[in-house]
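Each remark here refers to the structure printed beneath this line.
The values are calculated or read from the model by the stated rules, or taken from the named source; none is laboratory data. Computed from a predicted structure; not experimentally measured. For neighbour counting, all protein chains shown are included, and Cβ atoms are generated from backbone atoms with ideal geometry for every residue, glycine included. Quick note on the areas: whole protein, heavy atoms, side chains included, nothing else; ligands and nucleic acids left out. Shrake-Rupley method; radii C 1.70, N 1.55, O 1.52, S 1.80 Å.
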Amino acid sequence: MSKVYKVSYKTYLNDRLKQVYLHGQLTYPLYVQVTFERKTIFFKSYYFELFSKPRYFLSAAGLSRGPSIEEITAKENEVIDFIINKHPDDFSLDLFKQEYAFYSRDLCDITEEGFIDYMYTFFQDKGMPAFAVTIREGSRYRIAYDVVRDMKRAFTKPLYEELAENSLYYAPPYLPLYGFMQQTKKWPMLSLTVMEWETGDTQAAFTECLQKYYPKNDAGEIRKQVDKWLKHFEKDKY
């Protein structure tokens, strides 16, 4: 019998811990329990941590809210099922932890910090140190892509184009990744996981998006930058 049938899991609200705020609502933290061959591991939901961040509280179409527990739980179940089904014959709890740490991660989230660092340096070099600090600190509460979109309206065209163009060479490929994700996902679950990137036709669709919105740039080179950051991140799971 395949080992996969010996794996069981559940996602649950851990009422042994103190309640925390999830976008204004008190709730217990979301946890995951995985059992295999009479051994069990428990850990806090990655997506609960991710979507609890203040910048994921969004306003759109006259509504204001963040991701719900139900939406976060569905996201967890999706990646856990994927990992279990990926290893029908060689599953282990150690392997699961490695795979979960890799496949669950949001590509936009793991490239955003480096992009914010790039913007900080960019505006420092432009002689705007106070603005550079404002961008770095304010990005804790706002999605960097939305900040850059507002910059397009506020900046002169040459300054904005320099910021965006240089980011393709000196920053993680955050702008094209987030722009692509935003076209393919529904608010408020705005994320692009490594699992999604490596399955289906996601990469082909991303290349088409690059050719449409970055016609002056080499789509292949941008794809290489995504692969570079992904490989760098993958090393951390071992």
**Q.** Residue among PHE51, PHE42, PHE57 that alone is of a type in the set (A, V, I, L, M, F, W, C), on the phi < 0 side of the Ramachandran plot and in contact with a His (Cβ under 8 Å, 6 or more places away or on another chain)
**A.** PHE57
Q. Can you name the residue in segment 117-143 that is among the hydrophobic types (A, V, I, L, M, F, W, C), assigned to a helix (DSSP H, G or I) and open to solvent by 20 Å² or more (accessible area, probe 1.4 Å) and, of all such residues, is nearest to PRO172 (Cα to Cα)?
A. VAL133
(Q) For segment 7-20, which positions are assigned to a strand (DSSP E or B) and free of Cβ contacts under 8 Å to residues at least 24 places away in the same chain? (A) LYS10, TYR12
Q) In segment 84-101, which residues are surrounded by 12 or more Cβ atoms within 10 Å (Cβ to Cβ) and in contact (Cβ under 8 Å) with a residue 40 or more places away in the chain? A) ILE84, HIS87, PRO88, PHE91, SER92, LEU93, PHE96, LYS97, GLN98, GLU99, TYR100, ALA101
Q) In this structure, is ARG153 open to solvent by 50 Å² or more (accessible area, probe 1.4 Å), basic (Lys, Arg), out of contact with any helix residue (DSSP H, G or I) (no Cβ under 6 Å at 6 or more places or on another chain) and without any contact (Cβ under 8 Å) to a residue 24 or more places away in the chain? A) yes
Q: Would you check which residues across segment 45-59 are surrounded by 18 or more Cβ atoms within 10 Å (Cβ to Cβ) and polar (S, T, N, Q) and list them?
A: SER45, SER52
Q. In this structure, is VAL148 in contact (Cβ under 8 Å) with a residue 12 or more places away in the chain, touching a Ser or Thr at 6+ places or on another chain (Cβ under 9 Å), farther than 21 Å from GLU71 by Cβ and assigned to a helix (DSSP H, G or I)?
A. yes
Q: Return only the number of the condition from (1) within 18 Å of the chain's Cα centre (by Cα); (2) more than 19 Å from THR11 (Cβ to Cβ); (3) among the hydroxyl-bearing types (Ser, Thr, Tyr) that SER64 does not satisfy.
A: (1)
Q | Those residues of segment 184-233 which are surrounded by fewer than 18 Cβ atoms within 10 Å (Cβ to Cβ) and among the acidic types (Asp, Glu), in sequence order | A | GLU198, ASP201, GLU208, ASP218, GLU221, ASP227
Q. What residue, of LYS228, LYS152, LYS216, LYS212, is within 23 Å of ARG105 (Cβ to Cβ) and among the basic types (Lys, Arg)?
A. LYS228
Q | Single residue of segment 83-108 satisfying the filter (in a helix (DSSP H, G or I) and of a type in the set (Ser, Thr, Tyr)) that is farthest from LYS6 (Cα to Cα) | A | TYR103
Q: Give just the number: which of (1) more than 19 Å from PHE233 (Cβ to Cβ); (2) in a loop (DSSP other than H, G, I, E, B); (3) of a type in the set (S, T, N, Q) does THR199 not satisfy?
A: (1)
Q: Could you tell me which residue of segment 10-39 is most open to solvent (accessible area, probe 1.4 Å), considering only residues that are under 19 Å from PHE91 (Cα atoms) and either of a type outside the set (Ser, Thr, Tyr) or modelled with pLDDT under 95 (or both)?
A: ARG38
